[in-house]
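Asks: Shown below is the structure under consideration.
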Amino acid sequence: MPFSKKFTKIMGFPKEGDTVNQFVVESLSVDHIYIQKSKPRRYEYSVKMVVRGKGNMADVAAAFDPLLHQKNVRTTSGYGNPYSCSIGQMNISRADEEKYVIDAKGRCTRASHEAHEEYEATQLRKLEEVTLKVYEALFQDQDAVEVDGVIHRLSETSASKIRFVKIEGYTFIEQNPRKDSKWGKLAQEGHKIMWVCRGRAYLYFVKDGQFSKLRRRTRTKKKQTHARAPSRKRALHDAPLQ
């Protein structure tokens, strides 16, 4: 079954100390609350997040609804069994003047392998379409991009002034040309590179209009090599950051 730690990861929940819009996450807890052993197997989770920042409850909802209102996020258990995971409507309460408590419930339900593979292929095609649309907006200096009838405004990271946008749990962010790395040097040479991330994981990239999956190098006994990726301890807004 997908344990609460994995549920937290695949949903891309922020970690303690992360900033979402103007709110800082003070704590996050995810626990199992129900297990249905009869078919189809189902696991439910309770999610509690405490955030602090200036704004009202509508601002909190606007900031965290994309993270805490997701459906049909696919994953597999430790045994390779496919699951479809969702998280329902969140409840927000005010703890003090600038402190809010967010409660939500999530669920993972066992899916067939055939349905899972078909879903993954469909989602990848859709992600590629969205990615290329964002890429075009990013490198044509547009202020926003429209996806499924919704306008998403592009922002800049506070430190590096790198442009990015968050859509449906994914972060689309341009390569920082000031980075002393392979990817930074390519950007310095004029290559247009954008990354697709979920949570803190770099998944795909677009280089000069070509959508590709980030392939990690395999380890060998003689020498261990790894795909270069940003530190988990580094906040996403301080990276690509490759």
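Asks: Does segment 5-19 hold any residues that are over 12 Å from the mean Cα position of the chain (by Cα) and surrounded by 18 or more Cβ atoms within 10 Å (Cβ to Cβ), and which are they?
Replies: Scanning segment 5-19 gives 6, 7.
Asks: For the subset of segment 167-178 comprising residues that are surrounded by fewer than 20 Cβ atoms within 10 Å (Cβ to Cβ) and of a type in the set (D, E, K, R), which member is farthest from residue 202 (Cα to Cα)?
Replies: Only one residue fits best here, namely 178.
Asks: Among the numbered criteria (1) under 19 Å from residue 199 (Cα atoms); (2) modelled with pLDDT under 80, which single criterion is violated by residue 8?
Replies: (2)
Asks: Can you name the residue in segment 95-149 that is touching a Gly at 6+ places or on another chain (Cβ under 8 Å) and free of Cβ contacts under 8 Å to residues at least 60 places away in the same chain and, of all such residues, is surrounded by the most Cβ atoms within 10 Å (Cβ to Cβ)?
Replies: In this case the residue turns out to be 104.
Asks: Going through segment 8-24 one residue at a time, which ones are touching a helix residue (DSSP H, G or I) at 6+ places or on another chain (Cβ under 9 Å) and either in a strand (DSSP E or B) or outside the structural domain of residue 79 (by TED's automatic domain parsing) (or both)?
Replies: 19, 20, 23
Asks: Would you be able to tell me the number of residues in segment 162-210 that are of a type in the set (Gly, Ala, Ser), under 24 Å from residue 75 (Cα atoms) and modelled with pLDDT of 90 or more? So that I can check it myself, show each step before the final result.
Replies: As a first pass, look at segment 162-210 and keep what is of a type in the set (Gly, Ala, Ser): 169, 181, 184, 187, 190, 199, 201, 209.
If we keep only those that are under 24 Å from residue 75 (Cα atoms) too, we end up with 169, 199, 201.
Now restrict to residues that are modelled with pLDDT of 90 or more: none.
So the count comes out to 0.
Asks: Among the residues of segment 97-108, which ones are in a strand (DSSP E or B), of a type in the set (D, E, K, R) and under 15 Å from residue 59 (Cα atoms)?
Replies: Applying the first criterion (in a strand (DSSP E or B)) to segment 97-108 yields 99-108.
This time we only want the ones that are of a type in the set (D, E, K, R), so: 99, 103, 105, 107.
Answer for segment 97-108, where residues must be in a strand (DSSP E or B), of a type in the set (D, E, K, R) and under 15 Å from residue 59 (Cα atoms): just 99.
Asks: If you scan segment 103-130, which residues turn out to be touching a Phe, Trp or Tyr at 6+ places or on another chain (Cβ under 6 Å) and at pLDDT 90 or above?
Replies: Across segment 103-130, the qualifying residue is only 128.
Asks: Among 137, 159, which is more than 13 Å from residue 195 (Cβ to Cβ), more than 15 Å from the chain's Cα centre (by Cα), outside the structural domain of residue 86 (by TED's automatic domain parsing) and not in a loop (DSSP other than H, G, I, E, B)?
Replies: Numbers: 159 fails: not in a loop (DSSP other than H, G, I, E, B).
Result of the check over 137, 159: 137.
Asks: Step by step: first the residues of segment 191-215, then only those that are touching an Asp or Glu at 6+ places or on another chain (Cβ under 9 Å) and outside any strand (DSSP E or B), then the one that is nearest to residue 148 (Cα to Cα). Which residue is that?
Replies: 209
Every residue, every condition in (1) over 21 Å from the mean Cα position of the chain (by Cα); (2) assigned to a strand (DSSP E or B); (3) surrounded by fewer than 18 Cβ atoms within 10 Å (Cβ to Cβ), yes or no:
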position	(1), (2), (3)
27	no, yes, yes
40	yes, no, yes
45	no, yes, no
55	yes, no, yes
59	no, no, yes
62	no, no, yes
67	no, no, no
79	yes, no, yes
85	no, yes, no
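Asks: Please go through segment 147-161 and give me each residue that is at pLDDT 90 or above and within 23 Å of residue 210 (Cβ to Cβ), ordered by number.
Replies: 152, 154
The values are calculated or read from the model by the stated rules, or taken from the named source; none is laboratory data. Please read these numbers as outputs of a predicted model, since none were measured by experiment. A quick note on method: Cβ atoms are made from the backbone with ideal geometry, for glycine too, and the neighbour counts reach across all protein chains shown.
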